[in-house]
Structure formats: C-alpha cells, structure tokens
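Asks: What follows is a structure written as structure tokens; I'll ask about it next.
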Amino acid sequence: MGLPNASGDLSTEVEVDAFRRLFPLRFFEKHLLESIRPDARPLGRARDTTIALGAVASANGSALAKIGSTTMLAAIKMEVMTPSMETPDEGCIAIDFHMPPICSPIVRPGRPAEAAPVVAKQLSDTILSSGMINLKELSLVSGKAAWMAYLDIYCLDADGALFDAALLAAVAAFSHLEIPVVSLNDDGKIVLSEGQGLSDREPVNKEKRKVNLGSIPFSLTCILHKNHILADPTSEEESIMETFVTVVLDSSSQLVSLYKPGGPVLAYTSAIQDCIALTRQRVKELRKILEEAISGMEVD
Amino acid sequence: MSKTEYVSPEGLRLDGRRPMEMRQLRAEIGTVSRANGSAVFEMGNTKVIAAVYGPREVQNRSQLINDHALVRCEYSMANFSTGDRMRKPKGDRRSTEISLVIRQTMEACILTHLMPRSQIDIFVQVLQADGGTRSACINAATLALADAGIPMRDIVTSCSAGYLNSTPLLDLNYIEDSAGGPDVTVGILPKLDKVTLLQMDAKLPVDIFENVMGLAIEGCKAIANYIREVLLENTKQLEYRRGL
C-alpha cells in the first residue's frame, strides 16, 4: 500500500482507492496502456531485491530474502541419518515451505494456505533436479551415516512472487551453509565435535566446510495479460490477472524448469520466449546480488 | 553430580549479566506490509514476530459476538527456532496453552466493545527461542496492536524472573529456565499498575516469591518505557512522512 499523498485532495484520493477496489482490472489496464504499473515500475522490471545471509544464528545455514515486500526466511539444519540401501553414499535434502498466518490476511490458522504445498513441491522439484547440490557430498561414512539437510522456508510477508523469493532464499541459505565437524565415538555413532583437541577421537571431516554448489538456479515469475507481460507481480496483480509463467534458469542460462499452470490466457510460443528473455536478464541481476551478499559475509 | 553455578561468586550470570539486569531489547514496528499492524521484538537471542489482522469480518459466522469483538490468537514456533529441529511447531500442547494465555492477556486490555461483530487476529511466530518466549510474544503483540491502531486500555508488557543459587534473577534465558528453579512470568498494564498475567511453576516460599514478583514487575516497567519510546519514535516518523 502506498504512503498517503500529503498534498493531494482527499476526495480524489478516496475516489482512486475506491476505484482500485471496485474495478481492479480496469484500474490496472489504465496503467498498462501507458506501459507502467501502479507502483511506477516498467512492465519488465522486478522489484528491489535484497539478501541477508546468516539471519538465524542457531541454524547451520540461513538467509533472509526480500523481493519488494515479499519476505522469506530460509534455514538449514543438518542431522545425521543412515542412508538408504539403494544409495548408500548419498545424503538427503528435505525441503519444507511454510506460510504462517502472519504473512497474509487470506491465510487462516489451522488451515494451510492453498499456495503453500504448491510452492513447496515446486521448490523441491527445482532444487533437487537442478543439480545444485551433489548428494554424494553429504555422505559421511558410506552405508552407515550421511547428512540429512532440513531446509525450512518461512514466508514472513506474502506480496506476490512467492516461488521466486523462496528459491532465492533457499539458494542463499545453501551458499551460507557450513557442514559441522563430527567424529565417530566408541559405539560407532556419529557425534558432534565440540571443538578441536577436546577429544582424541578421529574427526570424520576435518573442519567446517562449505558445500560446493553446482549451477545455481534463479527464477522469474511473469504474468500474461492480453498481450502484455508483467514481470514479478505483486499479490494484488496476481489476484486479478491469473495467468502466470515461472521460468527457472541456471547460472549458465540453461533452462531448468518451466511452469505455466493453466490460466485464462493462452500463450503463443513467442510470449514464452519473451518470458525466458526477461528471466535471463533477471538471472544476471540476482547473481550479482547473491555474490555481493556472499562476499559481504566473507569480509567478517 | 556437580551443581552448576548460575550466579558466580562475583555476581555474574552465565551470560555475563548481573542478577537484576535484563537482556538487550530491540523492537521494530511495521515489518509485515500485508498486516494491519506488525512488530518484531527481540529480548537477547529470543526473536519474535507478531502480526495483527483486524478489526475485520468474522470468518466463522457461528463465532460472531453481537456486542464485542472476537479476539483470536495463534502462537507457533519456527522449526529452526530451538537448538534441535522441532517436529511439530504448532498444535502441540505447549503452543495451544501459550496461544490461550496470550489471547486472554490481550483481550483484557483491548476495548472490544468498540468493535462489535468483528474479529481481531493476533498471530505470533517465534523465529529464535532462547527463554522468555511468552513474554517476548506479549510485548510484540502489544506493539503490533498499537501499530494496527486498535483501541486499548493500556499497553501490556511482560517479563519473567526466577530464583537460582539463592538469588532472584531477572529475564531468564533458556539455560537458566531449564535449570529446574522457579520461573515467574508477569504481565502488567503499567499505567494502571494492574497485573493481568501471573504464572509460576516449581516451589517457592511466599516471601521470596514476593521479591521475585517485584523484580519481574520492575522488568515489565522498564520494557514499558522502551515500548513507549519506540511507539513515540514511530509516530514521529509517520508525522514526518505526512509532511507535518
């Protein structure tokens, strides 16, 4: 919601707000004719994005990502588990996406939001299939012990483009992740090492290390309306114009995922190509922002 | 089994505080843009986010009350908020109990008769838990209600105190809380000087209890001063933005 206009006539202000509530589609179309959106963005531009790493001190890796007002907090906790029989030297990643009632007026307590399991599944599929994390890196003792990484993403403010923000937070949390040092105790169980030199047990991994990330996926959601393409919608835009396309590209501009779940607008392939082009630009921006955040952390 | 010293002979606690010293407070208003009112409240390492939606239309018609507003509250902890990852962050008994406590505490101070047939939702999410989550939630809820402009009798502030190694301690953190000593949580309306919430567990002689409760009330008043400062600063910012 914008800040009140200090010098505006109160009666025109009320009329504009009422018009926005009563005829939302016409309100937006008046803006689209001028190739602009109500928050003064051009059609192809995404909102201001920020990433803060290490937001949760007690987690092994965490990040807070904000796209405009949409805020996502991602945290990774590592636990040791026995790997399955079919993949004895691979770890496991469990991804969970929560939309607590604080994030949006339409989420009711006791009933999970409609969008939450959809975004959770999309995230899970994208991260696991993108090859960002090599599961073999999460193995400790082949066949006996491996890491289980629990990635929990909480939406703290839902203002559109939930999948984009969640993916960004997840990727940032993985780039901040440090695998803790563990050692094998006498019972053959893995225990967390308190520090160096305190025990004479042989540490299984020598030091806290970062996970090697392969190609990192970045995404952009676009809304299709008549013949306009709007990048990075807010929740108001999403609720009015329901056709959206999510494109996920990795850092080498290869297509990781494409998602268009129906919607009233049927898209020509040219529209999809345009979405992919917009995403390519966005990937460059996001890479820069992520690299700045990581190098900012390393200075400490 | 050696007895852990929670208060060293020099009078310092495990985290270096004095017995009557509170943890560092930090509050921020208006963090959730979609909510009518919201706030983040930190007491040391405990970090809580509260969002208020309301007054709005009652979602469940059967619960509609004709002469005053319906207040609902939900408390939930993030999976990563405690040391070990929690399996069931809400719906378990502790969360339900704390939801009830926060609801009844806030209901006492909201002027519900001014908003009949409507609903006020208070949602509290714990992002980091290090003892005193109940108090942090109540303080965050007060700020969020003030941000939402909901009429209240007075702000509600809450603080906890305990008694370990024969010393009353203010604002326990998680280690001190799980030491097994008594834990007194007090919620007051500072201007009216009335107690709205009082919870205690473990055994304590009555005279020592009065000391500990007095200490907790002092803590509440200190938090109230801080909250008033934060609200005043926020109002100045709003005035400034309006160009007044």
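Rule-based calculations on the coordinates, nothing more; no lab input. Computed from a predicted model, the values in this text were never measured in an experiment. Heads up, the Cβs are rebuilt from the backbone with ideal geometry, glycines too, and the neighbour counts pull from every protein chain shown.
Asks: If you average the C-alpha positions of segment A:148-189 and of segment A:77-93 separately, how far apart do those two centres end up, in angstrom?
Replies: About 16 Å separates the Cα centre of segment A:148-189 from the one of segment A:77-93.
Asks: Over segment A:1-155, what is the relative contact order in percent, taking alpha-carbon pairs closer than 8 angstrom and at least six residues apart? If you can, show how the numbers build up before the last one.
Replies: Values: 210 pairs, mean separation 37.3, N = 155.
Relative contact order, segment A:1-155: 24 percent.
Asks: Then there's this: Report the residue, chosen from B:ALA148, B:ALA136, B:ALA222, that carries the largest GNM mean-square fluctuation when chain B is represented by alpha-carbon nodes joined by springs under 10 Å.
Replies: Sorting by GNM fluctuation, first place goes to B:ALA222.
Asks: Find the all-direction average of the projected area of the Cα convex hull for chain B, expressing the result in square nanometres with one decimal place.
Replies: On the way: hull surface 61.9 nm².
It is 15.5 nm².
Asks: Calculated from DSSP H runs of 4 or more alone, at -39500 (n - 2.57) each and per residue, what is the 222 nm mean residue ellipticity of chain A, nearest 500? Walk me through the numbers before you get to the answer.
Replies: Details: 6 runs with 91 residues, N = 300.
Computed ellipticity for chain A at 222 nm equals -10000 deg cm²/dmol.
Asks: Rounded to whole Å, give me the distance from the Cα center of segment B:98-163 to that of segment A:223-300.
Replies: 39
Asks: Could you check which residue among A:MET132, A:MET81, A:MET148 shows the biggest mean-square fluctuation in a GNM of chain A with a 10 Å Cα cutoff?
Replies: Evaluated over chain A, the most mobile residue of the options is A:MET81.
Asks: Can you compute the charge dipole magnitude of the protein assembly as shown about its Cα centre, using +1 on each Lys and Arg Cβ and -1 on each Asp and Glu Cβ, nothing else charged? Give it in debye, rounded to the nearest 20. Before the final figure, lay out each step's value.
Replies: Numbers: 57 positive and 68 negative charges, 187 e Å.
The calculation lands at about 900 debye.
Asks: Next question, about the same structure. Provide the net charge surrounding B:ALA222, with neighbours chosen by a C-beta distance below 13 Å and charges set as Lys +1, Arg +1, Asp -1, Glu -1. It would help to have the intermediate numbers written out before the result.
Replies: Details: positive: B:ARG23, B:LYS221, B:ARG228; negative: B:GLU21, B:ASP171, B:GLU218, B:GLU229.
That works out to -1.
Asks: Calculate how large, on average over all directions, the projected area of the Cα convex hull of segment B:105-231 is; give the answer in nm² to one decimal. Walk me through the numbers on the way to the answer.
Replies: Numbers: hull surface 33.5 nm².
Here the figure is 8.4 nm², rounded to one decimal.
Asks: If the limit is 29 Å between Cα atoms, which of A:LYS77/B:LYS236; B:LYS47/B:LYS221; A:LYS30/A:LYS260; A:LYS66/A:LYS121; A:LYS210/B:LYS47 go over it?
Replies: Those over the limit are A:LYS77/B:LYS236.
Asks: Anyone know which of B:CYS137, B:CYS109, B:CYS220 comes out most mobile in the 10 Å Cα GNM of chain B?
Replies: Maximum fluctuation in the GNM of chain B, among the listed residues, is at B:CYS109.
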